[in-house]
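Each remark here refers to the structure printed beneath this line.
The values are calculated or read from the model by the stated rules, or taken from the named source; none is laboratory data. None of the values given here were measured: they were computed from a predicted structure. Ideal geometry is used to build each Cβ from the backbone, glycine not excepted, and the neighbour counts take in all protein chains shown.
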Amino acid sequence: MSRLAFALWILLFLSQVALGQKIDRTKKPEAGPAPAASFPDFKETVLSNGLKVFIIESDRKPTITVRLLVKAGDFFDGEKPGVADFTAELLGRGSLKRKASDFAREADKIGAEYSASSGDDATSIVISGLTKHTDKLLELLSDAVLNPTFPEEQLEIVRKQALSNITAGKKTPQTLAANLLRKVLFGEHPYGKLQTEASVNAITVEDLKNFYATHYFANNATIAVVGDVKADEITKKLEKYFGKWKRGTPAKVQPAELPDNKGMMIHLVDLPGAVQSNIRVCFRSVPRNNPDLVELGVVKSVLGGGFSGRLFQNLREKHGWTYGAYASGAYQRYLGYFAASTEVRNAVTDSAIVEILAEMRRIYSEPIDEEELKLHREYLAGNYLLSLELAEQNAARLQNIEFYGLPADYYKTYVQKISSVTPKRALELAKKYIEVNDLAIVVVGDAKEIKPKLEKLAKVRVYDTELNPMISLTLDLSGEELLRKHIEAIGGESAVMKIKDRIIEGKVSIFAGPQTIEGTFKRVEKFPNKQVFIISTPLFSQEVYNDGKKVVQSGIGGTRELSGDELKKALESSQFNMLYRTAELGYKVVAKEKKMLKGRPVYVAELEQALNGKMTLIFDAEDFMLISETRKQSTPQGEIEVTTTYSDFKPVDGVMQPFKAVQSLGMADVQLVVTSIKQNVGVPDEEFVKK
């Protein structure tokens, strides 16, 4: 049989087989199994100065991409947000060898692409081009990173661009929403800091040089190379161009405390004349190295991953309120956040929020159908596999493994993890990571149009386009009026005064430098001034018994009974519900000022006792809860200022009680997390006598 006849016979056979089969062409073919490995092999080495190097050899195209990561981003800006960004921007805009124009001309001559920018956690500098220009590419990159001079005229160009972006952002709903989201979720924490006209105008060349000098070290950076290279050869070249980069000890940052986002609140940026509202329902989430993050992506996709996501199907397809609705997450080195977002016309702003909340609660409480889950597994796996064609993204992934502390096979097992998510596993992840109660809802729109309806959903705080709360800071309450509003806020005078004794139990954490001591505590109180406080830890126990006349302390230093002024002060500070009995006890609360504190308006007041002196009280100016109290306290080491901060308020017998308190003692912080509060249980007087 000739080759042509044989080929015709095969074609005839195949066509008959195909005709004999019933193929439903309205259904897409079943997806094949996930690839066993879906990320290219890479090699890792370290230069003589400690600079880590990651290399992917790929000869598919005669190109090379080199990405340098410095482990210092906006997180390290300090009091001038924008310093890390400006430092990155000026790399390649003036060095010991080149002016900005020279660098641009030489890069353009060989067709190189160069960029430098800072992110929340790190700064990336990338250069790419044809492999035949490898030496020139590395020489340009090393000159930009190792020899910057930060010319004044280039700083002014970058400053002008930044100021222009800030001005434009105040008129752009998407930018306003994104910025307020960060401010609300992270407050004074570095992730919540934003560039402002003041911070940008304050940045000097000296600031950039100082930032560079305290963070840009070989041992605080990595390099990833992807392209048509041989590992041994490119390593030698990297040693040539980067081997002289000095090592150093990078500066560290102690981040500010995160804001308390308990409960649901709507944060509304007033944009008069806006015909649409930009909405983001958000909450703080896990850091980048969370082991469940890949699988959680499937749940997030079902909720709001494009056209097939539930938010899109609900808000667009079912109700026709928007062009799109999505769920997204940003997961950084230390923290992350989740946001469900959309943009709708004013008339349905409240309705859209109701539907977003409904979909979040649905995915939190009900298993996802297997067919729906399968669609999103395949969608995510396909997108990831397609992205492997992008050299710069692969370079970033190599560095992510080291920077975020991810497992070495993180990307090789990425598709398998996605494909393994079952309805049961998806529900577990949703219950663990999707928040449905403690939510910040950011809305940008015309307050006059939408605020009345929003107030029916939750408490609303209004901001101007500078993202400052639109609330008067004029002191408009006396101390007596402020105290009355506080008592009303926690449940009312009648409910408060009915309580005659209280037993509080919970967990204690003592943070003393690098050491953390865990234990339990118990506090028993009874009207008028009886009190027992016991802390138990594996290392020590501390007890204070106050029967209203005698106070006995016992602990590491032994047991002793207080006397004289020390006894009188202890008895005075043990008054049951002291803040609500000021008139009876002869104390007076004086309102001192109204101001902004950590992004929220507060009242500052003083309460003065006869023996213990003045105590500073901070009340929330919107819900009138007690935020903190500060007093001076005598210790063997001298007088110190002790601040106790209260949060996580919950009703107990009709009265709001704090379930978390943090006491700052200067040399240590003590955190009390309440697990149980019992009131009016009839505590006997003998309970307060040390046995």
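Points worth noting:
- Residue under evaluation F624, criteria (1) in contact (Cβ under 8 Å) with a residue 60 or more places away in the chain; (2) out of contact with any Pro (no Cβ under 9 Å at 6 or more places or on another chain); (3) assigned to a strand (DSSP E or B), criterion not met: (3)
- Residue within segment 468-482 that is surrounded by 16 or more Cβ atoms within 10 Å (Cβ to Cβ), closer than 30 Å to V286 by Cα and not assigned by TED's automatic domain parsing to the domain that holds L296 present: yes
- Top-ranked residue in segment 596-629 [being surrounded by 18 or more Cβ atoms within 10 Å (Cβ to Cβ) and of a type in the set (S, T, N, Q); ranked as nearest to Y463 (Cα to Cα)]: S628
- Verdict on T516 being closer than 29 Å to F624 by Cβ, among the β-branched types (V, I, T) and at pLDDT below 95: no
- Residue in segment 555-571 that is charged (D, E, K, R) and more than 30 Å from S536 (Cβ to Cβ) present: no
- Strands (runs of 3 or more DSSP E) contained entirely in segment 435-543, each with at least 1 residues that are within 28 Å of G557 (Cβ to Cβ): 501-512, 515-526, 530-536
- Matching residues in segment 376-418 - criterion: being of a type outside the set (D, E, K, R), within 24 Å of Y334 (Cβ to Cβ) and surrounded by 16 or more Cβ atoms within 10 Å (Cβ to Cβ): A395, A396, L398, Q399, N400, I401, F403, Y404, L406, Y410, Y411, Y414
- Of the strands (runs of 3 or more DSSP E) lying entirely inside segment 550-610, those carrying at least 1 residues that are in contact with a Lys or Arg (Cβ under 9 Å, 6 or more places away or on another chain) are 551-555, 558-561, 600-609.
- Segment 167-211, residues that are among the basic types (K, R), closer than 18 Å to F283 by Cα and not in a helix (DSSP H, G or I): K193
- Within segment 442-456, the presence of a residue that is surrounded by fewer than 17 Cβ atoms within 10 Å (Cβ to Cβ) and modelled with pLDDT under 95 is excluded.
- Yes/no for E543 being acidic (D, E) and surrounded by fewer than 16 Cβ atoms within 10 Å (Cβ to Cβ): no
- Residues that are farther than 24 Å from E629 by Cβ and surrounded by 14 or more Cβ atoms within 10 Å (Cβ to Cβ) within segment 663-691 comprise V683, E687, V689, K690, listed in sequence order.
- Selection count, segment 596-620, where residues are touching a Gly at 6+ places or on another chain (Cβ under 6 Å) and either small (G, A, S) or not assigned by TED's automatic domain parsing to the domain that holds L567 (or both): 2
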